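Only one structure is covered here, and it is reproduced in the block below.
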Amino acid sequence: MGYLQVKYFRKKSSSEKIQLAMEKRIILITGANRGLGAATGIKLAEQGHHVIFTARNSHKLSTLKKQLSHKHSSVDFIPLDVRQPDSIIGAYQTIASHYPQIDTLINNAGIYTSGTVDISTINDQEILEAFNTNTLGPLKITQQFLPLIKKSPEGIIVNVSSGMGALAEMDGGSPAYRISKTALNVTTKLLHHELSWQGIKVNSVCPGWVRTEMGGPSATLSIDEGISGIIWAATLQKDGPSGGFYRHGQPLPW
Ligand SMILES: NC(=O)c1ccc[n+]([C@@H]2O[C@H](COP(=O)([O-])OP(=O)(O)OC[C@H]3O[C@@H](n4cnc5c(N)ncnc54)[C@H](OP(=O)(O)O)[C@@H]3O)[C@@H](O)[C@H]2O)c1
């Protein structure tokens, strides 16, 4: 058996039903109350996957739950702040008591710290602020959920990174954000090194510059365009790549 096997019935005629079986992944997304995280979760639920939406703000999570629960039966909503150890452990315990495995983890939660522009004057606090959410957050979530990911026959981890973290595209500005995403890319490579031989794929994905709260209204891509590469990486086939950096499914130089 592959992932969670879900069978459903579609009427072919009044007297005949055909049974359709599809493979669903159980997908956990962080920072899923808005922006790319929410849109990715909704698209994956529409595709028939079981999606666990997580967010740090319970009020925002219950608003999303009200919007989505009547449209999609295969969704769940669990509070999770990627910076709070107690929150991470609590979410893990809840999820582990309800689910046999996690097939895909999407580390999407992130912050953009626009403060100091120059690396020569930035203070430690600004760097640590971005690092704690954008680098340590995904790492701590991955470490905590690894036992459940290892139970999947085809585990996938997607780290939502940024071209701003690519050494190949390293212009000036936004040093705290850039450092945090470069370090996230290193984390991707190291996790790939440790986990790929166990059948777990780990990739970094840059969504491009997207019109979310973070990207702002001048960004070049719609949310639908931005999530395409995240969806691709989250649903890779068994022979798909691992240990890479991608934008819209195309390799990006590190
Ligand atoms: N938009 C772009 O142009 C762009 C480009 C490259 C990469 N990215 C990356 O794509 C990802 C999603 O970005 P977005 O554009 O959708 O940004 P967004 O609209 O600002 O959404 C960010 C999400 O992360 C959540 N979050 C922040 N800190 C968190 C924490 N400690 N615990 C849990 N959730 C937390 C936010 O929750 P709250 O609502 O509670 O704040 C929100 O749901 C980020 O990793 C970002 O770096 C975005």
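The values are calculated or read from the model by the stated rules, or taken from the named source; none is laboratory data. Quick caveat, the model's predicted, so the values are computed rather than measured. Methodologically, a virtual Cβ is constructed for each residue, glycine included, from the backbone with ideal geometry; neighbour enumeration extends over all protein chains shown. Note: accessible area is taken over every heavy atom of the protein model, side chains too, but ligands, DNA and RNA are not part of it. Shrake-Rupley method; radii C 1.70, N 1.55, O 1.52, S 1.80 Å.
Compare Asp224, Asp81, Asp118 in a GNM of the chain, Cα atoms joined below 10 Å, and give the one with the largest fluctuation.
Asp118
For Lys201, what residues show an amide H to amide H distance below 5 Å, using hydrogens built from the backbone and excluding near sequence neighbours?
Under 5 Å from the amide H of Lys201: Gly155, Ile156, Ile157.
Beta carbons within 10 angstrom, averaged per residue: use that to sort the peptides 58-65, 203-210, highest first. Mind showing how you got there, number by number?
Details: 58-65: 15.2, 203-210: 24.0.
The packing order, highest mean first, is 203-210, 58-65.
Local charge sum around Phe245 (other residues, Cβ-Cβ under 15 Å, Lys/Arg +1, Asp/Glu -1)?
Values: positive: Arg178, Lys181, Lys189, Lys201, Arg247; negative: Glu169.
Result for the local shell: +4.
Report, to the nearest 10°, how far helix 137-150 tilts away from the longest principal axis of the Cα atoms in the chain, using its own Cα long axis and a range of 0 to 90°.
Taking the Cα atoms of the chain, the angle to 137-150 is about 30 degrees.
Would you kindly calculate the translational diffusion coefficient of the chain, applying Stokes-Einstein with the Kirkwood radius from alpha carbon pairs, for 25 °C and a viscosity of 0.890 mPa s, and quote it in µm² s⁻¹ without decimals? Let's see the in-between values first.
Values: Rh = 18.7 Å.
My calculation gives 131 µm²/s for D.
Along Cα→Cβ, 7 Å out, is where each label goes; now give me the distance between the ones at Glu213 and Gln67 in nm to one decimal.
1.1
Projected onto the charge dipole of the chain (+1 at Lys/Arg Cβ, -1 at Asp/Glu Cβ, origin at the Cα centre), which of Asn134, Leu105, Pro85 gives the Cα projection farthest towards the positive end?
Leu105
Summing -39500 (n - 2.57) over the DSSP H runs of n ≥ 4 in the chain and dividing by its residue number, what mean residue ellipticity at 222 nm do you reach, to the nearest 500 deg cm²/dmol?
The per-residue figure over the chain is -11500 deg cm²/dmol.
Nothing charged except the Cβ atoms of Lys and Arg (+1) and of Asp and Glu (-1): what's the magnitude of the dipole of region 22-251 about its Cα centre? Round to the nearest 20 debye.
Numbers: 20 positive and 18 negative charges, 119 e Å.
Value, rounded to 20: 580 debye.
Which whole-number percent is the relative contact order of region 22-251 (Cα, under 8 Å, 6+ apart)?
Across region 22-251, relative contact order equals 18 percent.
Given 0.36 nm per residue, what is the gain on full extension from Glu23 to Lys150 after removing their alpha carbon distance, in nm?
Full extension of this stretch gives 43.9 nm more.
Could you go through region 210-215 in sequence order and give the Karplus-derived ³J(HN,Hα) for each residue, using 6.51 cos²θ - 1.76 cosθ + 1.60 with θ = phi - 60°, rounded to whole Hz, and x for Gly and Pro?
So the Karplus estimates, Gly and Pro as x, are 10, 6, 10, 4, 6, x Hz.
May I ask for the distance between the Cα centers of region 56-120 and region 153-186, given as a whole number of Å?
One Cα centre to the other: 20 Å.
Place +1 on the Cβ of every Lys and Arg and -1 on the Cβ of every Asp and Glu in region 22-251, take the dipole about the Cα centre, and give the residue among His70, Ile122, Val158 whose Cα lies farthest towards its positive end.
Farthest towards the positive pole: His70.
So how tilted is helix 85-98 from the main axis of the chain? Cα-based, degrees 0 to 90, rounded to 10.
Value to nearest ten degrees: 10.
Solvent-accessible area of Asp76, probe 1.4 Å, all protein chains present, reported in Å² to the nearest ten, please.
40
Of the beta bridges DSSP finds with both residues in region 22-251, what % are antiparallel, to the nearest 5?
Antiparallel bridges make up about 5 percent of those DSSP assigns within region 22-251.
So how tilted is helix 58-68 from the main axis of the chain? Cα-based, degrees 0 to 90, rounded to 10.
Helix 58-68 sits roughly 40 degrees off the main axis of the chain.
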